[in-house]
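Here is the structure we will look at.
The values are calculated or read from the model by the stated rules, or taken from the named source; none is laboratory data. Nothing here was measured: the structure is a model prediction, and the numbers come from that model. Glycine also receives a Cβ, built like all others from the backbone with ideal geometry; neighbour counts cover every protein chain displayed. For the accessible areas, the whole protein counts, side chains as well, though only heavy atoms, and no ligand, DNA or RNA atoms are used. Shrake-Rupley method; radii C 1.70, N 1.55, O 1.52, S 1.80 Å.
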Amino acid sequence: MASAIFKSLQVHPFLLYPTTLLRRRNGFYRLATKATQSLTDTQQRQPQTKVSTSSTQSKKLDKIPKNYEAIIGIETHVQLSTLTKAFCGCPYNYGSPPNSSICPICMGLPGALPVLNSKVIEFAVKLGLALNCNLAFNSKFDRKQYFYPDLPKGYQISQFDVPIASAGFVDVDIPVEFGGGHKRFGITRVHMEEDAGKLLHAENGNYSQVDLNRAGVPLLEIVSEPDMRNGIEAAEYAAEIQRLVRYLGVSNGNMQEGSLRCDVNVSIRPIGQSKFGTKVEIKNLNSFSSVSRAIDFEIARQVQLHSQGQEDQIVQETRLWEEGSQRTITMRKKEGLADYRYFPEPDLPAVILAQEYVDDIIKSLPELPEIKRRRYEQMGLSMQDVLFLANDKNIAEFFDATLAKGADPKLVANWIMSDIAAFMKNEKLTINEIKLTPEELSELIASIKGGTISGKIGKEVLFELLAKGGTVKELIEKKDLVQIVDPVEIEKMVEKVIAENPKQVEQYRGGKTKLQGFFAGQVMKLSKGKANPGVLNSILLEKLSSKS
């Protein structure tokens with residue numbers, strides 16, 4: 001019945017709204033909105049504040065620590081990796097054809113009742129615990145009212161005054177190149193909600209189509225305290241949230257897919273002032289670098305207005321980050337809480353957690369990034385090593401599995417961060433896709449350390465293992481790679497090389513001692529890289545120094 005009714009529905013609301021048309025094509029619903037003007041046109045007609053050039057912005061930013069303080073908070077939306085949506089049985093797969101995964105519930109049709117996906121609660125509790133929050137053992141859902149073409153119900157199911165988790169914190173390590181150190185940022189709340197649909201804008205800007213595939217997809221919104229003071233801190237905070245959700249397995253955290261979205265709130269105030277300045281929200285941030293750059297731009301913009309006595313032009317609004325022009329532009333004036341007319345969701349019961357349920361989730365939590373970093377530090381690894389290894393859960397697991405076989409932590413870190421990382425980058429592979437196993441990396445390191453093969457041959461073996469797999473012992477035996485350690489055999493090769501290069505010998509003995517590398521290279525070439533470097537250089541030095 002609903003399909004028949006909606007086949008030819010055309011709505012003509014008040015003239016200040018666009019005309020909406022919902023058609024059914026090829027079994028999918030497509031809703032087109034004829035706009036009287038494009039978003040770009042609207043933005044261009046907005047009065048824009050002139051902002052200084054990049055060099056001037058940098059100068060302004062340099063003055064911030066002396067004259068102004070930036071106050072930054074982030075609202076992060078995490079799309080959960082559940083099999084179905086938050087309140088219905090529709091699956092969600094990124095990139096699916098528009099409106100191919102919708103039903104009466106996520107379309108908001110009259111009479112359709114939501115049923116909560118229990119996985120959403122489990123993931124919310126996991127993330128709340130990982131963020132050191134206090135859990136609400138009795139929380140509820142609320143309706144957040146607002147109109148938008150991709151919100152079919154006219155409201156969003158969210159949580160308002162009783163979020164499932166609150167009052168937490170997250171610890172972040174700032175990279176050495178940005179000053180280093182440890183920072184703790186407060187978490188105000190974590191709450192459950194559903195996503196809206198997506199608008200697909202026409203190239204000519206005359207109309208937009210609505211894809212409701214994403215409508216009803218479960219989200220967790222993480223609201224930070226306004227504890228960040230610059231773009232780098234904010235970007236590192238966002239990166240830590242991404243690491244957390246990936247470690248927990250609650251989301252893939254891919255910003256390019258919209259699985260992790262950051263809205264940044266920025267204000268400034270003169271140093272010594274306790275009152276916050278006017279808050280501006282920035283949207284459309286699809287990378288950590290854009291988070292940092294957008295914040296630095298917005299700080300510079302607000303500082304300039306303050307310095308010119310025009311701080312009244314800083315209004316509470318939502319601005320978009322334009323990647324091409326590297327600036328923020330006005331999108332809309334920011335709504336207040338009263339505008340959303342929150343009230344308890346009547347179609348969903350309260351969310352009540354049992355202590356036993358929470359205890360079971362606590363036991364299932366993996367070692368989190370912060371704990372892993374501290375453990376790696378205790379091994380004597382540098383902060384650069386620590387941040388690289390702990391950044392990716394799969395790389396950390398590979399590293400730990402190699403250590404479990406008895407390998408030296410620093411040697412394993414060096415191999416992973418250099419040759420293995422370079423191979424993965426060149427071949428566009430993840431560490432789970434390479435043929436090398438932790439057991440064989442440990443065996444390779446032991447073979448080099450024990451003198452069975454040289455470091456140079458070790459690299460050849462490594463790339464064979466990365467590309468084709470196999471075992472270290474098999475490759476050494478098959479290719480006859482065992483290192484030559486017999487002094488007598490190496491001495492014969494040294495004498496041969498010296499006899500064949502009398503001119504270079506004369507130059508060496510005449511004071512050109514850098515030629516020792518030339519002789520060593522010739523011996524290694526003669527031995528096919530198998531001569532033990534230590535034994536080789538000892539014998540070579542003795543022979544070159546001898547006059548007989």
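Miscellaneous remarks
- Residue that is over 19 Å from SER224 (Cβ atoms), touching a Cys at 6+ places or on another chain (Cβ under 7 Å) and not aliphatic (A, V, I, L, M), where the choices are SER101, SER118, SER166: SER101
- Residue that is open to solvent by 40 Å² or more (accessible area, probe 1.4 Å) and polar (S, T, N, Q), where the choices are SER447, SER442, SER538: SER538
- Residues (open to solvent by less than 20 Å² (accessible area, probe 1.4 Å), among the small types (Gly, Ala, Ser) and under 14 Å from GLU233 (Cα atoms)) located in segment 134-179: none
- Long-range neighbours under 7 Å by Cβ, at least six apart or interchain, first residue in contact (Cβ under 8 Å) with a residue 60 or more places away in the chain within segment 515-529, second of a type outside the set (A, V, I, L, M) and surrounded by 16 or more Cβ atoms within 10 Å (Cβ to Cβ): GLY529/SER454
- Residue count for segment 401-414 under the criterion of being in contact (Cβ under 8 Å) with a residue 24 or more places away in the chain and within 22 Å of PRO175 (Cβ to Cβ): the result is 4.
- Residues of segment 293-314 that are under 17 Å from MET228 (Cβ atoms) and of a type in the set (A, V, I, L, M, F, W, C): ALA294, ILE295, PHE297, ILE299, ALA300, VAL303.
- Of the residues making up segment 265-322, those that are at positive phi and in contact (Cβ under 8 Å) with a residue 24 or more places away in the chain number 1.
- Among the residues of segment 485-512, those identified as free of Cβ contacts under 8 Å to residues at least 40 places away in the same chain, of a type in the set (D, E, K, R) and part of a helix (DSSP H, G or I) are GLU489, LYS492, LYS496, GLU500, LYS503, GLU506, ARG509.
- Subset tally (residues that are within 12 Å of ILE498 (Cβ to Cβ) and either touching a His at 6+ places or on another chain (Cβ under 9 Å) or aliphatic (A, V, I, L, M) (or both)) for segment 509-525: 3
- The requirement of being at pLDDT below 95 and over 23 Å from the mean Cα position of the chain (by Cα) is not satisfied by GLN159.
- Every condition in (1) without any contact (Cβ under 8 Å) to a residue 12 or more places away in the chain; (2) part of a helix (DSSP H, G or I) holds for PHE123 except the one numbered (1).
- Qualifying residue in segment 296-317 (condition: modelled with pLDDT under 85 and over 22 Å from ARG269 (Cβ atoms)): no
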